[in-house]
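These notes concern the structure reproduced below.
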Amino acid sequence: MTAKRVLVVEDERTIAEAVAARLRAEGFEVHVAGDGPGAVDAARRTRPDAIVLDVMLPGFDGLEVCRRIQAERGVPVLMLTARDDETDLLVGLAVGADDYLTKPFSMRELTARVHALLRRAARNAAPGETAPAEAAMLRFGDLEINLAERRVHRAGVEARLTPTEFDLLVHLAGRPRTVLPRERLLADVWGWADASGTRTVDSHIKGLRRKLGADLIRTVHGVGYALEVQR
Ligand code: CA
């Protein structure tokens, strides 16, 4: 089996080197880029299986890097944010980042997230896991989820969801009107469970509400979320 390739994009050398060293120790082939243009170029050259991407970069920022890379080829992205900046976060998720970590983070947490990203990507790409044709469409009132094409329409209008938003919606749709705890969504959709990660779920729920309508998902405070659909 060839080693999975990870591109680390970070201009702070000490962090970049520490992250690269840890990922190499985990068996990954690691490439490092230190600015926006260099990151886009490295993604083209090395075709990574996953990208660890800092938001604050010289040249242009990580959000622009993510936008450009995702436009060419879908790659799982773990975004690193300097602080819990909600705007960065929402923009990041909107341009196709799958997950994020707030600095400072532990190397253990970082590697756990990278492994989870790759597991999810493999699961999504696995042949034979595509739904059979008759089950390929979920319909709830005016919400239509096409599982085979991974497309979603509400009231006839297509919503452009990120891969993670789509997976989250499908999970909620699997048990409509049932409250699913955030920890469980985190474990099922992201492939890892750690109470610190439940904000990742909240952020993606925000994205779904923005794109599909605020009425679609009900929050049960302190517990989780439920898809509110007509019978
Ligand atoms: Ca930086």
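Computed quantities for the displayed model
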quantity	calculated
Whole-Hz ³J(HN,Hα) from phi, Karplus 6.51 cos²θ - 1.76 cosθ + 1.60, for the stretch 214-225, glycine and proline x	5, 7, 6, 10, 9, 9, 10, 4, x, 10, x, 9
Considering only the chain, percent of DSSP beta bridges that pair antiparallel, nearest 5	50 percent
Accessible carbon and sulfur surface of the chain relative to its total accessible area, %, 1.4 Å	52 percent
In degrees, nearest ten, helix 13-25 long axis to first principal axis of the chain (Cα)	70 degrees
Test item: Cα-centred dipole of the chain, Lys/Arg +1 and Asp/Glu -1 on Cβ, debye	560 debye
Contour excess over end-to-end distance, with Cα ends at D202 and R184 and 0.36 nm allotted per residue	5.2 nm
Cα-based helix-to-principal-axis angle, 163-174 vs the chain, degrees rounded to 10	30 degrees
Residues H221 and H115, FRET efficiency given R0 of 35 Å [Cβ-Cβ distance, rounded to 0.05]	0.65
Stretchable slack from T102 to T14, in nm (0.36 nm times residue separation minus alpha-carbon distance)	30.0 nm
Between the stretch 198-231 and the stretch 149-168, the Cα center-to-center distance that results, in Å	14 Å
Solvent-accessible heavy-atom area per residue, rounded to whole Å², over the stretch 152-231 at 1.4 Å	46 Å²
Computed label-point distance, nm, for sites H171 and M56 using a 7 Å Cα→Cβ extension	3.0 nm
Amide H partners (placed H, <5 Å) of I217, local residues excluded	E228
Linear extension gain, R123 paired with A71, 0.36 nm per residue minus alpha-carbon span	16.6 nm
Label-reachable residues, the stretch 195-231, where backbone N falls under 14 Å from a point 7 Å from V157's Cα toward its Cβ	209-216
Structure-based [θ]222 nm, the chain - -39500 (n - 2.57) summed over DSSP H runs of at least 4, per residue, nearest 500	-12500 deg cm²/dmol
Under-5 Å amide H pairs with V55, H placed in peptide plane, nonlocal only	L80, A82
Mean separation of Cα contacts under 8 Å, 6 or more apart, over the residue count of the chain: relative contact order %	13 percent
Interchain or long-range residues, amide H under 5 Å from M137's placed H	L147
Per-residue HN-Hα couplings for the stretch 100-115 [Karplus 6.51, -1.76, 1.60; θ = phi - 60°; Hz; x = Gly/Pro]	8, 10, 9, 6, x, 10, 8, 5, 4, 5, 4, 5, 4, 5, 5, 4
Karplus (6.51, -1.76, 1.60) ³J(HN,Hα), θ = phi - 60°, over the stretch 199-212, in Hz, Gly and Pro reported as x	5, 4, 5, 4, 5, 6, 4, 4, x, 5, 5, 5, 8, 10
Probe 1.4 Å, accessible area per residue of the stretch 5-125, Å²	43 Å²
Principal-axis tilt of helix 62-72 within the chain, Cα atoms, nearest 10 degrees	70 degrees
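The values are calculated or read from the model by the stated rules, or taken from the named source; none is laboratory data. Just so it is clear, the model here is predicted, and its values are computed rather than measured. Glycine gets a Cβ as well: all are built from the backbone with ideal geometry, and neighbour counts include every protein chain shown. Areas reflect the complete protein model, heavy atoms only, side chains present, ligands, DNA and RNA absent. Shrake-Rupley method; radii C 1.70, N 1.55, O 1.52, S 1.80 Å.
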